[in-house]
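Take a look at the structure below.
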Amino acid sequence: MRGTFALSLLTLALGAQAVISKSKLVTYVDVLALDNAFSPVEAAYWTGYPHHRRTPFSVSPDGKSAYLAYLDSSGTDVHVQPVNPKTFKATGTSVTVTGGKEAGGLVAQNDGFAILVNEAMPSGTANAPADNTPVPALYRYTNGKQTWKTWLGGPGVHDSEGRAASPDMNGDLVYSAKAGLYGAYFVVTDYSGDASGHFGDSIEYVTEDGTLKTIDGATSSWGCSHNTGIAFEAADAAPFASICAEDQGAIWLNTKTQGMTNDGVKISNENTTNGGGGEAMGGMSGSYSALARFAETSRYVFAWVSRGAVDVTANEWMGDGYTNVQNRTNGRNVAWSLFSDKYTKVGAQATSKVGTEDGDSQVNWITSGDNDCSNAHAATFGPVNGLITWEEISNPTCDFIAMGCRGDFAGTHFQQVNKNGEKVGVSFKSDNVYVAGDMVTYDAGLSTTKICWPYVSMDWDLSEAVAYGGSTTTTKKISFACLSR
Ligand SMILES: *[C@@H]1O[C@H](CO)[C@@H](O)[C@H](O)[C@H]1NC(C)=O
Ligand SMILES: *[C@@H]1O[C@H](CO)[C@@H](O)[C@H](O)[C@H]1NC(C)=O
């Protein structure tokens, strides 16, 4: 007895120091059988380079159920598959959101789930967007049956500011039990009003009974310009913690502003062009698990990829106080930032001083090599420790300014970090595990916490663009990986 007690004390003491390693990465290859085929490779905006098509994943608050959402390989219908959260095997037949064009975020509840999709409005809908352009919608299912559906764009949603559609569902859905709210942050294009024809983003809140709620200082009909990078995480009250990578030169913590005005917190200067900002939060099919909250605290951790910034000049188009920068590097490196609460960055903001040579002196880098890094994500183990992961390619060719690169896949990398802004231990890599869906924390608060996520077990070739017309690869099997410390 005494021996056992002493051992468990020792384990607890060591628990505080525990560090991730390759031996603690456990995989469940091809474990989840899908009812329908899934196409795991998506061609990115502008470059056509391969991205992992996101499969949203979520575990219920009581830990007893889990769900994985995926787009049918036909490109229409989003399926939600119940998953055993421990074995990752299918536990029942999937539910289909008919007409869904992308699975844009998933929240598991003890009695079902909520899912963010985009879909064409029913024909004959007055003031619907032209050409069946999909509109964002939030669904709630309880015990396998639809309980409500709420449009987050289209007619009836901020009509006077401009009606919104989402041709691509790039964004995320989060939920706060304390606030009793679902929050969704997603890319839109307006089809009426001042911003008609332009791309931007929108933040919408929905109550637990499915009512779209306009909250002053939290809801936003139009925020950051042509945004291919969103990070969003729940808070105990609206506004939830939000970040955007806009196409004018910066990444903003915009919890307070919901937009890209310079009274927000400037996390980073980024070289931008043609709507791109270096795919900072993953670009097409990204924008999930980039911002995570340390359990039982107000602190958040954020990871992104950046080419760095030199030569800060005035952004004449935006006006006083806004800047442009040149990129420091060819490939992108992984950067990270901490927030002491949803409004406050730890350490200096990025400079807006015209004439500054080093526009990235505030950045904390995780990597610093010549490889190009992409698909960065952040998750937390509990109150103290976090995990940052990314992919690398060697010998990168970066044909397009402010977009992704192509090259030889050089592994998925994992680095533990902590709430004090320190790297813990050294990173390790895997050549056959990827991150292609939400990173979920299991048992937050215990010393044995782990983080699990879905991916498709396949060869991962990042050396060339997806063939014209799109990838023909399909699968009916999803794999999972878990990393403990
Ligand atoms: C981004 O960097 C490129 C060089 O790679 C430069 O030509 C371009 O002007 C920069 N963009 C902005 C908005 O300054
Ligand atoms: C800047 O980035 C572009 C790709 O966005 C790349 O082609 C160019 O070589 C980079 N410039 C420098 C100085 O590394």
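Bear in mind that the values in this text are calculations on the coordinates, not laboratory data. Keep in mind the model is a prediction, meaning the values are calculated, not measured. A quick note on method: Cβ atoms are made from the backbone with ideal geometry, for glycine too, and the neighbour counts reach across all protein chains shown.
Remark: spin-label model distance SER74-THR91 equals 2.8 nm, labels positioned 7 Å along the Cα→Cβ axis. Under 5 Å from the amide H of HIS198 lie the amide H atoms of ASP190, each residue being 5 or more positions distant or on a separate chain, with H modelled from the backbone and absent for Pro and chain starts.
Which residues among segment 47-63 fall inside the zone where the amide N is under 20 Å from a point 7 Å beyond the Cα of ASN84, along Cα→Cβ? In segment 47-63, the label zone of ASN84 (backbone N under 20 Å from the point 7 Å along Cα→Cβ) covers 57-63.
Annotation: amide H-H contacts under 5 Å for LEU68 (H modelled 1.01 Å from N, sequence separation of 5 or more, or interchain): GLN81, VAL83. Distant-in-sequence amide contacts of TRP148, defined by a placed amide H-H separation under 5 Å and a gap of 5 or more residues or a different chain, comprise ARG140.
Please go through the residue pairs LYS22/LYS101; LYS423/LYS476; LYS86/LYS477; LYS101/LYS476; LYS24/LYS178; LYS342/LYS423 and name each one whose alpha carbons sit more than 28 Å apart in this structure. From LYS22/LYS101; LYS423/LYS476; LYS86/LYS477; LYS101/LYS476; LYS24/LYS178; LYS342/LYS423, over 28 Å: LYS22/LYS101; LYS423/LYS476; LYS24/LYS178. Take the Kirkwood radius over Cα pairs of the chain, plug it into Stokes-Einstein at 4 °C and 1.567 mPa s, and you get 58 µm²/s for translational diffusion.
Among the chymotrypsin sites (Phe, Trp or Tyr not before Pro) in segment 38-121, none is located in a DSSP loop while being surrounded by at most 10 other Cβ atoms within 10 Å of its own Cβ. Per-residue ellipticity at 222 nm from helix content only, as computed over the chain with -39500 (n - 2.57) for each DSSP H run of at least four residues, stands at -1000 deg cm²/dmol.
Checking a compactness column here: for segment 311-423, what do you get for Rg(Cα) / (2.2 N^0.38 Å), N being the number of residues?
So the Cα radius of gyration is 1.21 times the expected 2.2 N^0.38 Å.
Each residue of segment 224-240 is assigned a 3J(HN,Hα), and the resulting list reads 9, 5, 4, 9, 10, x, 10, 10, 8, 8, 5, 10, 6, 8, 5, x, 7 Hz, derived from the Karplus form 6.51 cos²θ - 1.76 cosθ + 1.60 (θ = phi - 60°), x at Gly and Pro. By the rule of a C-alpha distance below 16 Å, with chain neighbours fewer than 8 residues away ignored, the aspartates and glutamates paired with LYS419 are GLU296, ASP341.
Counting only cysteine Cβ atoms and a cutoff under 4.7 Å, the chain contains unmatched residues CYS373. Please identify which residues in segment 311-353 have an amide N closer than 20 Å to a label point set 7 Å out from the Cα of THR297, following the Cα→Cβ vector. Flagged as within label range: 335-349.
The trypsin sites (Lys or Arg not before Pro) of segment 113-204 meeting both criteria, a DSSP state outside H, G, I, E and B (loop) and at most 11 other C-beta atoms within 10 angstrom of the site's C-beta, are LYS178. Add +1 for every Lys or Arg and -1 for every Asp or Glu among the other residues with Cβ under 11 Å from the Cβ of SER340, and state the total. Taking every other residue near SER340 into account, the sum is +3.
Arrange LYS256, LYS342 by Cβ neighbour counts within 10 Å, fewest through most, would you?
On the way: LYS256 18, LYS342 22.
Ascending number of Cβ neighbours within 10 Å: LYS256, LYS342.
Note on VAL433, VAL440: ascending count of other Cβ atoms within 10 Å places them as VAL440, VAL433, the fewest first. Taking every alpha-carbon pair under 8 Å whose residues sit at least 6 apart, the chain reaches a relative contact order of 15 percent.
Seen from SER220, the other residues with C-beta closer than 9 Å to its C-beta sum to a net charge of -2, counting Lys and Arg as +1 and Asp and Glu as -1. Fewest neighbouring Cβ atoms within 10 Å first, the residues LEU387, LEU181 line up as LEU181, LEU387. State which stretch of the chain is the longest one without any exposed GluC sites (Glu not before Pro), exposure meaning a DSSP loop state and at most 14 other Cβ atoms within 10 Å. Between the exposed loop sites, the longest stretch runs 1-295. For segment 40-173, just say rounded, prolate or oblate: build the C-alpha gyration tensor, square-root its eigenvalues into a ≥ b ≥ c, call rounded for a/c under 1.5, and beyond that prolate if a/b exceeds b/c, oblate if not. Judged from the Cα gyration tensor, segment 40-173 comes out oblate (a/c at least 1.5, b/c at or above a/b).
Here the spin labels are modelled as points 7 Å beyond Cα on the Cα-Cβ line, and at ALA467 and SER192 they lie 4.3 nm apart. Multiplying the residue separation of VAL384 and ASN330 by 0.36 nm and removing their Cα-Cα distance gives an extension gain of 16.1 nm.
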